[in-house]
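Data first, discussion second: the structure below is written as structure tokens.
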Amino acid sequence: MKLKANCTMTVKAAEDCPTIAMLRPRSGQAQWMISERYELSPWVRTTEYVDSYGNLCQRLKIPQGEMRIEVEMVMETEEYIRVTPGAPPTPVENLPDDTLLYLLQSRYCPSDKMEARAREIVGNAAPGYDQVEAIRQWIHNNLEYRYGVSDGTTDALDTLGHGAGVCRDFSHVGVSFTRALKIPARVVVGYLYQLDPMDMHAWFEAFIDGRWYTFDATQAQPRGGRIVVAYGRDAADVAFVSNYGPLEMGNMQVTVEQLF
């Protein structure tokens, strides 16, 4: 399916602020960039690099005052995500080298402390896909989607204690439980067609039977129509804006529409 996504935001800097942004998606196996538009007002010199997770990063200095940032893209993406009940896990000794870091605990995903709870949740589910789907379903059924209960310091254990959170928090819980079962898992951020309420979105992926599968605990059923912007161990790796000086975030508006 062909999707057009737009993200417009304003930021205000008390002084010139070095910044790294992740706003532009890349073409890959599940999506293809057809066109894009990227605007900064006022315009400043920007350079780009690809980080260790394969994400396209923009490096700039936001000048003192207010800046408007707008990025718009047209992407060809999958209408349906692959669902494969019964798919077995990839044995750790056979995992590709680039998936191994997604077995480790990280800042927001203390998976080393969560194995007992993970095994309780998956119960008798078959190892692999069925276990991760059991985790996704448990989060969807047992955690409340609610704003205002988490902040930039909230990790997966905090979210379980609160019993609530937003998409970022749900993804951290899913990643933590999945890694606790020795299955690589990573956080994904981007856009989801017909998300309600519309905003930037986060979900998680698990490496099972030789490939990455999508899991989204905020949704009742598997849904395609996703544009991936960035992958990482947790939210620390996939922030849309990382500022290295005082920066006030203003309004952000997100739209996603299907083109025919």
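Values as computed for the structure displayed
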item	result
For the range 151-159, Karplus couplings with θ = phi - 60° (6.51, -1.76, 1.60), whole Hz, Gly/Pro x	9, x, 9, 6, 9, 4, 5, 4, 4
Of 122, 86, 102, farthest towards positive along the dipole that unit charges on Lys, Arg, Asp, Glu beta carbons give the range 78-124	122
From phi via Karplus (6.51, -1.76, 1.60), per-residue ³J(HN,Hα) for the range 66-73 in Hz, x at Gly/Pro	9, 10, 10, 10, 9, 10, 9, 9
³J(HN,Hα), Karplus 6.51/-1.76/1.60, whole Hz, each residue of the range 53-65, x for Gly, Pro	9, x, 8, 8, 10, 9, 10, 8, 10, 6, x, 4, x
Long-range amide H partners of residue 232 with built H, under 5 Å	187
GNM result for the chain, Cα springs below 10 Å: residue of 197, 88, 110 fluctuating most strongly	197
Chymotrypsin sites (Phe, Trp or Tyr not before Pro) within the range 1-91: DSSP coil, no more than 14 neighbouring Cβ in 10 Å	43, 80
Charge context of residue 211, other residues only, Cβ under 11 angstrom, K/R +1, D/E -1	-1
Gained length - residue 221 relative to residue 80, 0.36 nm times residue gap less alpha-carbon distance	49.7 nm
Sites matching chymotrypsin sites (Phe, Trp or Tyr not before Pro) across the range 119-187 that sit in DSSP coil, with at most 14 neighbouring C-beta atoms within 10 Å	147
Mean ellipticity per residue at 222 nm, deg cm²/dmol - from DSSP H runs of n ≥ 4 across the chain, formula -39500 (n - 2.57)	-5000 deg cm²/dmol
Crossing angle, helix 129-142 versus the chain [Cα axis fit, 0-90 degrees, rounded to tens]	70 degrees
Helix axis angle, 167-180 relative to the chain longest principal axis, alpha carbon, degrees	40 degrees
For peptides 114-120, 214-220, sequence by mean Cβ density within 10 Å, most packed first	214-220, 114-120
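Only the coordinates and a few stated rules stand behind these numbers; no lab work does. Every value quoted in this text rests on a predicted model; they were computed, and no experiment measured them. Ideal geometry is used to build each Cβ from the backbone, glycine not excepted, and the neighbour counts take in all protein chains shown.
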